[in-house]
Amino acid sequence: MPNIKSAIKRVEITKMRTLKNAAAKSALRTAIRRFEEALPTDAETAAAALKKAARALDKASSKGLIHKNMAARKKSRLMKKYGKHFAKAS
């Protein structure tokens with residue numbers, strides 16, 4: 001445990017940021033999971049869930065939670081999954 005006041009403060013800040021980042025990543029994973037759960041239902045529900053997941057990925061990317069290329073890759077894969085699922089359905 002640190003003895004210097006600024007080091008003690010840094011430890012506390014790190015703990016708070018770790019919790020905040022963990023919650024944000026969990027929310028991101030939940031948004032993606034909700035899209036995948038909505039995929040077997042109708043196209044409108046899945047499209048709404050896809051929009052929310054893409055927005056969550058963009059926000060996480062802009063805040064530095066995940067890398068921008070990772071966000072782009074995940075969005076691309078989700079949209080590909082959506083397109084493939086509803087192309088064969090129609």
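Laboratory data are not the source of any read-out in this text; all were calculated from the coordinates shown. Nothing here was measured: the structure is a model prediction, and the numbers come from that model. Every residue, glycine among them, receives a Cβ derived from its backbone with ideal geometry; neighbour counts consider all protein chains shown.
Taking 0.36 nm per residue of separation and subtracting the Cα-Cα distance, what length does fully extending residue 20 through residue 87 add?
Working: separation 67, 0.36 × 67 = 24.12 nm, distance 3.85 nm.
Here the segment from residue 20 to residue 87 would lengthen by 20.3 nm.
Of the cross-linked pairs 15/59; 15/84; 25/81; 9/52; 5/25; 5/75, which ones have a Cα-Cα span greater than 32 Å in the structure shown? Kindly include the intermediate steps, with their values, before the conclusion.
Values: 15/59 22 Å; 15/84 42 Å; 25/81 21 Å; 9/52 36 Å; 5/25 30 Å; 5/75 43 Å.
From 15/59; 15/84; 25/81; 9/52; 5/25; 5/75, over 32 Å: 15/84; 9/52; 5/75.
Put +1 on the Cβ of each Lys and Arg and -1 on the Cβ of each Asp and Glu in the chain; which of 72, 32, 1 then has its Cα farthest toward the positive end of the dipole?
Positive-end residue among those listed: 1.
Nearest 20 debye, what's the magnitude of the dipole of the range 5-89 about its Cα centre given +1 on Lys and Arg Cβ and -1 on Asp and Glu Cβ? Walk me through the numbers on the way to the answer.
Values: 24 positive and 6 negative charges, 107 e Å.
My answer is approximately 520 debye.
Helix 68-89 versus the longest principal axis of the chain: what is the Cα-based angle in degrees, 0 to 90, to the nearest 10?
Tilt relative to the chain: about 20 degrees.
Using Cα-Cα distances under 8 Å and only pairs 6 or more residues apart, what relative contact order does the range 21-90 have, in percent? Could the numbers behind the result be given before it?
Working: 47 pairs, mean separation 20.7, N = 70.
Contact order relative to length: 30 percent.
For the Cα atoms of the chain, what angle does the longest principal axis make with the long axis of helix 5-38, in degrees from 0 to 90, nearest 10?
On a 0 to 90 degree scale, this one is about 10.
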